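Q: Dropping a structure here in structure tokens format, bear with me for questions.
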Amino acid sequence: MNPIRILVDADACPVKDEIYKVAWRRGVAVTVVSNMRMRVPDHPLIERMVVSDAFDAADDWIAEQADAKTVVITGDILLADRCLKAGATVIGHNGKPFTVASIGGAIATRAIMADLRAGGDVVGGPAPFAKADRSRFLQALDEALVRLARG
């Protein structure tokens, strides 16, 4: 069994099908983590992990499992930070990697946006998920798995 694995923060993940396809091609195990039961393909490489509905239970489980042989797929900046600190490779749903160099700016931007919303300012959310994001994601995941396989 390939020691490299993919952990998916699944609750709002728009690229689960793409993850499965890349994982099957590369022979990499995938764990789909959520706080409610969701459909996953019946395949030996795909595992469903349903955690409690406690606040951040899925994030906590993923962060505890993340290590240098793990690719974490999430749109959650704070989870990305925790996983990077554990040595994991982290990719956003849009294919943009979270890195040690970029995570501080992402956290700061998140905090500023939260402050603006709390103050009543109307600020837009992320751009709608597009075909280019899906393509970028597939490329980023494939590249991350190749990089980890080379050591």
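Q: Could you tell me how many of the residues in the stretch 99-143 are charged (D, E, K, R), at pLDDT 75 or above and farther than 25 Å from Arg5 by Cα?
A: So the answer is 1.
Q: Do any residues in the stretch 57-80 that are without any contact (Cβ under 8 Å) to a residue 24 or more places away in the chain and surrounded by fewer than 21 Cβ atoms within 10 Å (Cβ to Cβ) have Cβ atoms under 7 Å from those of residues that are assigned to a helix (DSSP H, G or I) and of a type in the set (S, T, N, Q), where the two are at least six apart or on different chains, and which pairs are they?
A: Partner pairs satisfying both residue conditions: none exist.
Q: Here's something else I'd like to know. Give me the pairs, please: first residue somewhere in the stretch 29-53 and under 17 Å from Ala63 (Cα atoms), second residue anywhere and of a type in the set (Phe, Trp, Tyr) and surrounded by 10 or more Cβ atoms within 10 Å (Cβ to Cβ), beta-carbon distance under 7 Å, and either six or more positions apart or on two chains.
A: Val30/Tyr20; Val33/Trp61; Met49/Trp61; Val51/Trp61
Q: Any residue at all in the stretch 63-72 that's among the aliphatic types (A, V, I, L, M), at pLDDT below 95 and part of a helix (DSSP H, G or I)?
A: Scanning the stretch 63-72, I find no residue that is among the aliphatic types (A, V, I, L, M), at pLDDT below 95 and part of a helix (DSSP H, G or I), so the answer is no.
Q: Would you be able to say whether some residue in the stretch 90-98 is in contact with a helix residue (DSSP H, G or I) (Cβ under 7 Å, 6 or more places away or on another chain), crowded, with 16+ Cβ neighbours inside 10 Å, at pLDDT 95 or above and hydrophobic (A, V, I, L, M, F, W, C)?
A: yes
Q: Condition first: in contact with a strand residue (DSSP E or B) (Cβ under 8 Å, 6 or more places away or on another chain) and modelled with pLDDT under 80. Can you find one or more residues in the stretch 48-61 that meet it?
A: no
Q: Here's a follow-up. For the stretch 110-122, give me the residue count where each residue is assigned to a loop (DSSP other than H, G, I, E, B) and of a type in the set (Gly, Ala, Ser).
A: Count: 2.
Q: Also: Considering only the stretch 27-40, I want to know if a residue exists there that is surrounded by 13 or more Cβ atoms within 10 Å (Cβ to Cβ), assigned to a helix (DSSP H, G or I), touching a Cys at 6+ places or on another chain (Cβ under 9 Å) and β-branched (Val, Ile, Thr).
A: So far as the stretch 27-40 goes, no, none of its residues is surrounded by 13 or more Cβ atoms within 10 Å (Cβ to Cβ), assigned to a helix (DSSP H, G or I), touching a Cys at 6+ places or on another chain (Cβ under 9 Å) and β-branched (Val, Ile, Thr).
Q: Just to be sure, is Pro14 at negative phi and modelled with pLDDT under 95?
A: Yes.
Q: Every residue in the stretch 78-109 that is of a type in the set (Lys, Arg) and either outside any helix (DSSP H, G or I) or touching a strand residue (DSSP E or B) at 6+ places or on another chain (Cβ under 8 Å) (or both), please.
A: Lys96 - this is the single residue of the stretch 78-109 that is of a type in the set (Lys, Arg) and either outside any helix (DSSP H, G or I) or touching a strand residue (DSSP E or B) at 6+ places or on another chain (Cβ under 8 Å) (or both).
The values are calculated or read from the model by the stated rules, or taken from the named source; none is laboratory data. Bear in mind the structure is a predicted one, so any value in this text is a computation, not a measurement. Because the Cβ atoms are built from the backbone with ideal geometry, glycine has one as well, and the counts that use them run over all protein chains shown.
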